[in-house]
There are 2 protein chains.
Amino acid sequence: MNDIDTETLKGIANQLRIHSINATTAAGSGHPTSCCSAADVVAALFFGHMRFDPKNPHFHNNDRFILSKGHAAPLLYAAWAEAGLFPTEELLKLRQLGSDLEGHPTPRLPFADVATGSLGQGLAVGVGMALCARLDNLDYRTYVLMGDGECAEGAVWEAASLAGINQLNNLIAIVDVNRLGQSQETAFGHNLSIYKKRFEAFGWRTEEIDGHDLDEITEVLAAVGLGAQPLVILAKTLKGAGISFIQDKEGWHGKPLSQEEAARAIAELQPTAKSGIGHPIQPPHQSPAPKNEAPASYPPINYKLGDLVATREAFGAALLRLGEADTRIVALDGDTKNSTYSEKFFKKFPNRSTECFIAEQNMVGVATGFSARASTFACFFSRAYDQIRVAGISMANVKIVGSHVGVSIGEDGPSQMGLEDLAMMRAIAGSVVLYPGDAVSTEKLMDQMAAKKGICFLRTSRPKTPVIYNNDEQFPIGGAKVLRQSPGDKITVVAAGVTLNEALKAAETLKSEGIGITVIDAYSVKPLARDVIKAAAQKTNNLVLTVEDHYPEGGLGDAVAGELSADGVKVHKLAVFELPHSGKPEELLAKYGIDASAIAKKIKSLV
Amino acid sequence: MNDIDTETLKGIANQLRIHSINATTAAGSGHPTSCCSAADVVAALFFGHMRFDPKNPHFHNNDRFILSKGHAAPLLYAAWAEAGLFPTEELLKLRQLGSDLEGHPTPRLPFADVATGSLGQGLAVGVGMALCARLDNLDYRTYVLMGDGECAEGAVWEAASLAGINQLNNLIAIVDVNRLGQSQETAFGHNLSIYKKRFEAFGWRTEEIDGHDLDEITEVLAAVGLGAQPLVILAKTLKGAGISFIQDKEGWHGKPLSQEEAARAIAELQPTAKSGIGHPIQPPHQSPAPKNEAPASYPPINYKLGDLVATREAFGAALLRLGEADTRIVALDGDTKNSTYSEKFFKKFPNRSTECFIAEQNMVGVATGFSARASTFACFFSRAYDQIRVAGISMANVKIVGSHVGVSIGEDGPSQMGLEDLAMMRAIAGSVVLYPGDAVSTEKLMDQMAAKKGICFLRTSRPKTPVIYNNDEQFPIGGAKVLRQSPGDKITVVAAGVTLNEALKAAETLKSEGIGITVIDAYSVKPLARDVIKAAAQKTNNLVLTVEDHYPEGGLGDAVAGELSADGVKVHKLAVFELPHSGKPEELLAKYGIDASAIAKKIKSLV
């Protein structure tokens, strides 16, 4: 607790309000009233309580602060400016093109660990950070500031539950209960007891305070960390607090003040406003930084050509192998680890494994907080698509492995089949999308993902497929393998995963009938090996056939056509063209026209 | 309450267990132990409590039953067979290709209103049905059977919250607390008090029972509907109950019994097993069916060419206009109705509007339950992607409107920009994806969506664009408009939404420089008007340029290339090729290369 009196803290809070108003009025857009309700809490946290080095926002043992209600960005920016990180004049560049002070915080800013603005996601990331602190033996605390409206998001309760289960007493949530949502009052207004009951039921300690009373705020912060449970501070506040003619009035969400209104508001706040600059901030403890070096190399693999191994099994083996070499790797599961095969890692490294239970949104958020590796069925990652989208904006170092893709899972039926995941994951900013067809390529691509920073998605299949590569084959991201090629080939077939196996079988059949085809393993769907495919296509009269265990929209076929049609390559697509049913895997591959027989038939119709 | 004693109900429960074991053993896959834990509850519901006509599963006033823990499908199928809907011999066709009895229930079956199997989604659909019952003045009740593991899903708590807020005492949830998840024990085992506290905190009445004691089950069911709150029955059960050598043992999730194990299990169950066939089921009340006729026509629109109207505003006007003509239309919002403009409908028809607050997953689930119309920012529908995927599998009649698409929203920044939504929505089985560029086409496409059954997604933009169509122009789904075309045109530009406006501006500029271009409004992204685009392209040397306010993956460009590259059409793409920043809308369109100037520049480089 800093040596600073509450009158000064109140003054700083009003200075933060003034900055928020000025910036949003200058920008002509933004959320000043959402900033005003939380200003006292933020002032108390930054200048009276949190332990961090304002000149070094990335210091490993800084207390973490996540602005889950990301639209209050101007408040966050103002706090860091007043803490001395950058000149307060910069604040007026809010929302301008070329300024890092965007409408909602992104990690282009050194003090924003995750992009916020899609509500309800901050707490999961906080859970990841709190778990990470334990793993790394660091005593930093993680503070997550949420809005009351955003507590309607199920993702908040997924995170709350896991925090309670893991007794994360190094995690503190603050809910800015300002009563007013965007288009109307929230469901519960200022009835804090409803939030209290909910958080208590989820295993949290709760404190209810007047969010504008700096004495109450500082008192409750002094008791942070006591007891075994995570703490939520429920702060009753007024939206637009500090501005007499706006506070607690409907219709002011997301509205900047006019020049004239801003002048009136600032006239009310200025007399008590105080600068935060120069006030000492409590420094973090100088604990040793966690090891952060990649291992010199990963252990080798040892598969036999022709062995039948499902790529999901190879994933499990790879995760374990990598985990043995690299102690920074942690794994997350959504109660599918016996199916995805992450359980091998879970058994060997229980301290580095987190069971997230059946809550995929939270799992992805926790992964972002950890910058970790998460796996479940590919289709269930659609549950977490907003979290994945935000992880993309956050440039998080998250590896996502989705198993049970396509109709080839068989009898479980469409609810368990990933048929949209290539489309989903290709559209994520900066993502890498990988789709190995055998055990060797799976393991090698896991090595690649481990070494690559950013969001990577790897697709694994349920059925066993033959090992077709030697153990020393390399699989660079963005590459492809030309597996069959002869002069006079009539068409280039581009496949991946189970359809690669089918394409190779078709190649044999067609060869015996005098029709040569080129077969390419497009294990890297994004980035796509466009030059390899183009070169092969040009030798086959610019004719390409893509085959994928996925819907036709947005997947491998669209990727190839989207990149190469401009070069005159003609791309025909085989994919799952209708909503599929339960059945045996081989039956379904045939029924939905992506097995060896269908490939051969299609090729004959084209050449 | 039926006139049936608990001993008979127990017998029927054991018969349902026998069916579940036989079917999954015959299939070689499935979840018999998950069926066994819930069999007593299901027997009591179907044969001792619910009011429905087993020969007429679609009767409008049947009690609804949603198997949210969809992997217990064999149990559901057995219940309907024993209720007399189809011969019990059919049950052995579980999971066979060609059988409607798939691995998880889909609405190909008349008694499954929604596809389940992706856990945590059933309660939201139940909320929609319960709300619908009130709106339609019907007294049916909605029962949702969930697993304990699936209560980790945030979607359950979103639904629970809205049910509590709306005091849906016609909604009954049953949680089958069998302690064991898929890969390990759940977080709370048999500690029912944790679930009790949570549901109470969310506004529910709770009852705790022994889920294998038919007296307790029937007693608690007798009190359904009392009081103002929704009711949750927490049933303590054993996974695999009834099979002495399996029940309550780990490692049995999703495992069929071997032939030999099945014989042993059935030997234990057979002595007390009783058929349900012939036992009378309580019929539903013969209340009048709600009106279900489409209006003869929709009211006309009246825009002036050249007026500046944002398509989001036109959406709001259209929703109101349609709502006035068609009383079946209901609207849902996620606290963005003042931005999406659904608030006009909300003000006029409050009884037909449901504020779902900041909980998009639930909103989509409720929409499925209602078969309704839901709107929020397009990017926030990524939060509900699994629900949308499942609505696709369910062939639900849901209209989804996503606003604030692309960089053209401006200063709010990337967390609020829909840049992946075309990819997302194209990949949904059976979806229609529409993207109007002006107010008239927006309104007309709303009419089209209202008349079309199935999942439809409409993309609206934040900025104002000029009205370019006459009020009597028609916009069939699957169509496109050729807006500029002259002999000698050098390239065909395919655009939609804000980029249509930009393309038209570019056309003027280029025309004055002696370069003619064809401009097509591809307002129907899926299904795509491939023939129109192809015909135009063939007149421009097979050269096409697509322009979209969306990432390059999976959107308009991929759609055109994916469909037409096989015909030799060369497709060049303009899109948002990097993670965008905050800025003014015009600045961002320019910076990310999709404004009129960028279009003209790209064309000159190509021709």
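Counting each pair of different Cα atoms once, what's the Kirkwood radius of the range B:439-556 in Å, rounded to one decimal? The partial results should precede the final answer.
On the way: mean 1/r = 0.0670 Å⁻¹.
Kirkwood hydrodynamic radius for the range B:439-556: 14.9 Å.
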Can you list the HN-Hα couplings for the range A:561-570, worked out from phi with the Karplus curve (6.51, -1.76, 1.60; θ = phi - 60°), rounded to whole Hz and with x for Gly and Pro? 4, x, 8, 10, 5, 4, 8, x, 7, 9
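Rounded, prolate or oblate: pick one for the range A:503-597, where a ≥ b ≥ c are the square roots of the eigenvalues of its C-alpha gyration tensor, a/c under 1.5 means rounded, and failing that, prolate if a/b is larger than b/c, else oblate. Present the calculation step by step, with values, prior to reporting the outcome.
Details: a/c = 2.25, a/b = 1.26, b/c = 1.78.
Verdict is oblate for the range A:503-597.
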Rounded Å value of the spacing that divides the Cα centres of the range A:313-358 and the range A:568-607: 34
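Roughly what percent of Cα-Cα pairs across the range A:17-98 reach past 15 Å?
Summing the P(r) of the range A:17-98 above 15 Å gives 56 percent of all pairs.
Ranking request for peptides A:103-110, A:443-450, A:552-559: highest mean number of other beta-carbon atoms within 10 Å first, then the rest in descending order. Write out the running numbers ahead of the final one.
Values: A:103-110: 21.2, A:443-450: 24.0, A:552-559: 29.9.
So the peptides A:103-110, A:443-450, A:552-559, ranked by packing, come out A:552-559, A:443-450, A:103-110.
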Which of the peptides A:334-342, A:214-222 is most tightly packed, and how do the rest follow, going by the mean number of other Cβ atoms within 10 Å of each residue? A:334-342, A:214-222
Give me the Kirkwood hydrodynamic radius of the range B:447-496 in Å, from all C-alpha pairs, to one decimal place? 14.2
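If Lys and Arg each add +1 and Asp and Glu each add -1, what is the summed charge of the other residues whose beta carbon sits under 9 Å from the beta carbon of A:PHE381? Spell out each step's value before the answer.
Values: positive: A:ARG383; negative: A:GLU360, A:ASP421, B:ASP386.
Result for the neighbourhood of A:PHE381: -2.
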Which pairs break 26 Å Cα to Cα here: B:LYS511/B:LYS573; A:LYS534/A:LYS604; A:LYS601/B:LYS255; A:LYS464/A:LYS505; A:LYS505/A:LYS570; A:LYS239/A:LYS274? A:LYS601/B:LYS255
Under 11 Å from a point placed 7 Å out from the Cα of B:SER605 along the Cα-to-Cβ direction: which residues of the range B:550-593 have their backbone N that close? B:573-574, B:593
Among DSSP beta bridges whose residues both lie in chain A, state the antiparallel percentage, nearest 5. 15
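If each residue's Cβ is checked for other Cβ atoms within 10 Å, how do B:GLU7, A:GLU200, A:GLU150 rank with the fewest at the top? Intermediate values should be presented prior to the final figure.
Numbers: B:GLU7 11, A:GLU200 17, A:GLU150 28.
Ordered from fewest to most neighbouring Cβ atoms within 10 Å, B:GLU7, A:GLU200, A:GLU150 come out as B:GLU7, A:GLU200, A:GLU150.
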First measure r as the distance between the Cβ atoms of A:LEU308 and A:SER244, then evaluate 1/(1 + (r/R0)^6) with R0 = 60 Å and state the FRET efficiency to the nearest 0.05. 0.20
Explain nothing, just compute: Karplus ³J(HN,Hα) = 6.51 cos²θ - 1.76 cosθ + 1.60, θ = phi - 60°, for every residue of the range A:379-390 in order, whole Hz, x for Gly and Pro. 5, 6, 5, 5, 5, 10, 5, 5, 5, 5, 4, 5
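Do the sum for the protein assembly as shown: with -39,500 (n - 2.57) for every DSSP H run of n ≥ 4, divided by all residues, what is the mean residue ellipticity at 222 nm, to the nearest 500 deg cm²/dmol?
Values: 40 runs with 442 residues, N = 1214.
It comes out at -11000 deg cm²/dmol, rounded to the nearest 500.
Peptides B:395-405, B:357-367: what's the order by average Cβ count within 10 Å, highest mean first? Write out the running numbers ahead of the final one.
On the way: B:395-405: 25.4, B:357-367: 31.7.
In descending order of packing, they fall as B:357-367, B:395-405.
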Smallest Cβ-to-axis distance in chain A, for the rotation taking A to B: which residue, how many Å? A:GLY154, 1
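Around B:LEU510, with a cut-off of 12 angstrom between Cβ atoms, what is the net charge of the other residues, counting Lys and Arg +1 and Asp and Glu -1?
Net charge around B:LEU510: +4.
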If labels are modelled 7 Å from Cα along the Cβ direction, A:LYS291 lies from its partners in the other copies at nm distances, smallest first, of 7.3
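Take peptide B:579-591, look around each residue's Cβ out to 10 angstrom, count Cβ atoms belonging to other protein chains, and average those counts. Write out the running numbers ahead of the final one.
Working: counts 10, 4, 10, 16, 7, 6, 0, 1, 3, 1, 0, 1, 2.
The mean count of partner-chain Cβ atoms within 10 Å per residue comes to 5.
Partner chain Cβ atoms within 10 Å, averaged over the residues of B:416-423 - can you pull that number for me? Walk me through the numbers before you get to the answer.
On the way: counts 6, 4, 1, 6, 13, 2, 4, 12.
Counting other chains' Cβ atoms within 10 Å and averaging over B:416-423 gives 6.
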Label spacing, shortest first and in nm, from B:ALA228 to its equivalents in the remaining copies (7 angstrom along Cα→Cβ): 3.8
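Would you list A:HIS190, A:HIS58, A:HIS212 from fewest to most Cβ contacts within 10 Å? Mind dumping the intermediate values first?
On the way: A:HIS190 14, A:HIS58 9, A:HIS212 21.
Sorted ascending by nearby Cβ count, the order is A:HIS58, A:HIS190, A:HIS212.
Using the Cα gyration tensor of the range B:40-193, with a ≥ b ≥ c the square roots of its eigenvalues, what is the shape: rounded (a/c below 1.5), prolate (a/b larger than b/c) or oblate (neither)?
Working: a/c = 1.77, a/b = 1.10, b/c = 1.61.
Because a/c hits 1.5 or more and a/b fails to exceed b/c, the range B:40-193 counts as oblate.
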Can you put B:ARG426, A:ARG462 in order, fewest other beta carbons within 10 Å first? A:ARG462, B:ARG426
Points 7 angstrom from Cα along the Cβ direction at B:LYS505 and A:LYS452: gap in nanometres? 3.7
Prolate/oblate/rounded call for the protein assembly as shown, Cα gyration tensor, a/c under 1.5 rounded: rounded
Cut-off 15 Å between beta-carbons: net charge of the residues surrounding B:TYR469, Lys and Arg +1, Asp and Glu -1: -3
For the range A:154-250, run through the trypsin sites (Lys or Arg not before Pro) and keep only the ones in DSSP coil with at most 15 other Cβ atoms within 10 Å of their Cβ. A:LYS249
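Can you pull out the GluC sites (Glu not before Pro) in the range A:262-349 whose DSSP state is coil and whose Cβ has at most 10 other Cβ atoms within 10 Å? Let's see the in-between values first.
Values: sites: A:GLU268, A:GLU293, A:GLU313, A:GLU324, A:GLU343; in loops: A:GLU293.
Counting only loop positions with at most 10 other Cβ atoms within 10 Å, the GluC sites (Glu not before Pro) in the range A:262-349 are A:GLU293.
For the protein assembly as shown, what is the percent of antiparallel DSSP beta bridges, rounded to the nearest 5?
On the way: 18 of 128 bridges.
Here the antiparallel bridges make up roughly 15 percent for the protein assembly as shown.
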Along Cα-to-Cβ, 7 Å out, sits the label point; list in nm, shortest first, how far the one on A:ALA325 is from those in the other copies. 6.5
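One quarter of the convex hull surface, Cα atoms only: what value does that give for chain A in nm²?
Details: hull surface 112.4 nm².
Convex hull of Cα atoms, orientation-averaged projection: 28.1 nm².
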Output field shielding_mean for A:336-347 (other chain Cβ, 10 Å radius) holds 2
B:GLU7 versus B:SER258, label points 7 Å from Cα toward the beta carbon: distance in nm? 3.7
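Every read-out reported here was derived from the displayed coordinates using simple, explicitly stated rules and does not represent laboratory data. The shown structure was predicted, so the numbers you read here are calculated from the model rather than taken from an experiment. Cβ: placed from backbone, ideal geometry, glycine included. Neighbour counts: every protein chain shown.
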